[in-house]
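Here the structure comes first, spelled out in structure tokens, and everything after it is commentary.
The values are calculated or read from the model by the stated rules, or taken from the named source; none is laboratory data. Since the model is a prediction, treat every value here as computed from it, not as a measurement. Cβ atoms come from the backbone with ideal geometry, glycine included; neighbour counts cover every protein chain shown. Just the protein is used for accessible areas: all its heavy atoms, side chains included, with ligands, DNA and RNA removed. Shrake-Rupley method; radii C 1.70, N 1.55, O 1.52, S 1.80 Å.
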Amino acid sequence: MAKENKLNTEIRVSAGKSAVKKVLASGRIPSVIYGLKQEPQTISIDRMTIQKELKAGGFLTKIFSLDVDGKISLAIPRDVQFHPISDLPIHVDFLRLGADSKVVVDIPTIFINHELSPGLKKGGVLNIVRRTIQLNCPANNIPEEIVFDLEGLEIGDAIHISATKLPEGAEPTITDRDFTIGTVAAPTVVKEPEAAADDAAASGEAADGEAAKTEESSEDKKD
């Protein structure tokens, strides 16, 4: 399950471009909290803290405990905006969560036991069709990753969503089929460069031979 992380915030009273620039210049990131039929609230968060969370990965699937002027609000990031040149975060949107809230999140897929797959041992290749899976799940039970076991898989076998156990209350947003997550594909056969070079050399020798025959024939006619 995704961990709950605490973030200290400050309320932003002023709005507009000039106010946003001042917040960014002070080393903080303008943010907003919305949802649960409450009025959106503008806040700011320490930039270094956000950058650290982004670097750790899985930012958009983490539950945060936001301390807003002493009042705690559970929220999940819904969007992050980055500066087009510096690529630094410049705005974050948070969605408020209730005890019974359900959210749609993209969860990364993980594959284990590569060494226990006969197909991979024979030279097969793991072809990953979906690196993330979109789930609709309870806010208090968001997985950090979805694990698929490769043990026993042969070349030609497919890995479907039904091959893993999802957290209680979680379900894929695709519900009309047992969709494919990956396959164990046959190895790609690549022609050896040496063979190609030998073919080229043989073609060259044949061409030289034909040229020599043509010259000999021309000499015979002259005689």
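The table below lists the values:
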| item | result |
| --- | --- |
| Yes/no for residue 94 being out of contact with any Leu (no Cβ under 6 Å at 6 or more places or on another chain), aromatic (Phe, Trp, Tyr) and surrounded by 19 or more Cβ atoms within 10 Å (Cβ to Cβ) | yes |
| Residue that is most open to solvent (accessible area, probe 1.4 Å) [pool: residues in the range 119-142 that are more than 11 Å from residue 182 (Cα to Cα), within 15 Å of the chain's Cα centre (by Cα) and not β-branched (Val, Ile, Thr)] | 134 |
| Total residues in the range 41-88, condition among the small types (Gly, Ala, Ser) and outside any strand (DSSP E or B) | 5 |
| In the range 143-160, residue most open to solvent (accessible area, probe 1.4 Å) [restricted to those that are at pLDDT 95 or above and over 19 Å from residue 185 (Cβ atoms)] | 147 |
| Which listed residue is at pLDDT below 90 and over 22 Å from residue 168 (Cα atoms), from 22, 55, 6 | 6 |
| Listing of strands (runs of 3 or more DSSP E) fully contained in the range 89-167 that carry 3 or more residues being closer than 30 Å to residue 72 by Cβ and of a type in the set (S, T, N, Q) | 132-138 |
